[in-house]
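First the structure, in the form of structure tokens, and then the observations on it.
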Amino acid sequence: MSITADLNGKNYVLGRGRVYFDRYDSNATIDANTVGQGELYFGNTPEFNTTSDSENLEHFDSDDGIKVKDDAVQLTMNRSGTFKCDNIASKNVALYFLSDVTAVAQAAAVDTTYQVTVKPGLFYQIGADAANPTGDRLISNVTIGKGVGFATDVPTAGNWQVDEVLGRLYVLPESTDIDAAGTLVQITYDTAAGSREQIVSSSDSIYGALRFVANNPKGENKDYYFPYVKLAPDGDYNLKGDDWQVMGFKFEILTKASNIKSVYIDGRAVAE
């Protein structure tokens, strides 16, 4: 009798691959027919991990001496995973903050006014209010007035500086025209037409399909597909430091429908 099975046992794998996410509509009811918007490639992902936890109900025979486990029934199976991404693209940042990328348009305008109480040594974002919390950009022709009807000019020299691209005012610490306790001023300026990307954080849950396409330098390639996951940020996202920025994500592997499994693992197809 000959043994035909492969007993080599040496499919050692050095894992590499690409991660894609197919986001579902946040307002959609998820079922077997739910489709996403198309798969977003995360870019470089230095880590991708999955983990499984199960819970059993155990039974012990206690008729004689030491109790002996004689049966066990699995009650739960919880599959999840994590990955890290150092491609700090806007779409990825938006997913980290459970949001999406939008465009903020700014119209050209002249003699826009903005009133704010200022103090020496502090910075102010011009145009910031409830409707536009991050303020205006691309400003010019800035003047500042104070007093009755804001008719008293506050000269630039010795009092303030402005970053016209970012729309930020700095009141100089040595200013003699701005009171240390605070002075209500009116800033008058022009804005140029423009637009910028903006991501506004959300508390909404993000669902979709996750795909890992292997490209191993060593070992067989196996591609993983998770039809239904809940994606969420995971861990620190250091905005400043001496290392490359890295975002962490975690995902819960869910069951999309009774006729769809939670994980599919494909080997590479071979033509017959």
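The values are calculated or read from the model by the stated rules, or taken from the named source; none is laboratory data. Predicted model, so just to flag it, every value in this text is computed and none were measured. With ideal geometry, Cβ positions are generated from the backbone for all residues, glycine too; neighbour counts draw on all protein chains shown. The protein model used for the area step is the full one, side chains on, heavy atoms only, and it has no ligands, DNA or RNA in it. Shrake-Rupley method; radii C 1.70, N 1.55, O 1.52, S 1.80 Å.
Each label was represented as a point 7 Å from its Cα along the Cα-to-Cβ direction; for Ser54 and Asp163 these points are 5.6 nm apart.
Once you've got the Cα coordinates, tell me which of Lys222/Lys250; Lys10/Lys230; Lys222/Lys261; Lys84/Lys256 are over 28 Å apart.
Details: Lys222/Lys250 21 Å; Lys10/Lys230 35 Å; Lys222/Lys261 17 Å; Lys84/Lys256 24 Å.
Table pairs above 28 Å Cα-Cα are Lys10/Lys230.
Just the ratio, please: alpha-carbon radius of gyration of the range 1-154 over 2.2 N^0.38 Å, N its number of residues. Relative to the rule-of-thumb radius for its length, the range 1-154 sits at 2.08.
With 10 Å bins beginning at zero, the pair-distance distribution over Cα atoms of the range 81-165 amounts to 12, 35, 25, 16, 10, 2, 0 %. Sequentially through the range 176-182, phi angles give Karplus couplings (6.51, -1.76, 1.60; θ = phi - 60°) of 9, 9, 10, 5, 4, 7, x Hz, Gly and Pro residues having no value and appearing as x. Paramagnetic label reach from Ala32 (point 7 Å along Cα→Cβ; backbone nitrogen cut-off under 15 Å): within the range 243-270, residues 255-262. Across the options Asn78, Tyr170, Ala108, the greatest Cα extent toward the positive end of the charge dipole of the chain (unit charges at beta carbon of Lys, Arg, Asp, Glu) belongs to Ala108. Here, the chain yields an orientationally averaged convex hull projection of 29.3 nm² when only Cα atoms define the hull. Remark: the chain carries a charge dipole of roughly 580 debye about the Cα centre, counting +1 on each Lys and Arg Cβ and -1 on each Asp and Glu Cβ.
The share of accessible area on the chain that comes from carbon and sulfur is 49 percent, using a 1.4 angstrom probe.
Hey, can you find the accessible area per residue of the chain for me, probe 1.4 Å, expressed in square angstrom?
Working: 17450 Å² over 272 residues.
So the chain comes to 64 Å² accessible per residue, rounded to a whole number.
Computed extension length for Val73-Leu14: 17.7 nm, one decimal, from 0.36 nm per residue of separation with the Cα-Cα distance subtracted. Considering every alpha-carbon pair of the range 216-272, the percent of pairs per 10 Å bin, from zero through the bin containing the longest distance, is 18, 27, 31, 19, 4, 0.
Translational D (Stokes-Einstein, µm²/s) of the range 154-249 at 37 °C and 0.692 mPa s when Rh comes from the Kirkwood sum over C-alpha pairs?
For the chosen part, D equals 164 µm²/s.
Ordering 135-143, 61-69 by mean Cβ neighbour count within 10 Å, with the highest value first, yields 135-143, 61-69. Placing a label point 7 Å from the Cα of Asn141 along the Cα-to-Cβ direction, the residues of the range 111-130 whose backbone N falls under 19 Å from that point are 111-115, 126-127. Packing order of peptides 93-105, 233-245, highest average first: 93-105, 233-245 (average count of other Cβ atoms within 10 Å over each peptide's residues). What does a probe at Thr113 reach in the range 149-171, counting residues whose amide N is under 19 Å from the point 7 Å along Cα→Cβ? Of the residues in the range 149-171, 149-155 have backbone N under 19 Å from the label point off Thr113.
With a Förster radius of 35 Å applied to the beta-carbon distance between Phe123 and Asp86, the computed FRET efficiency rounds to 0.70.
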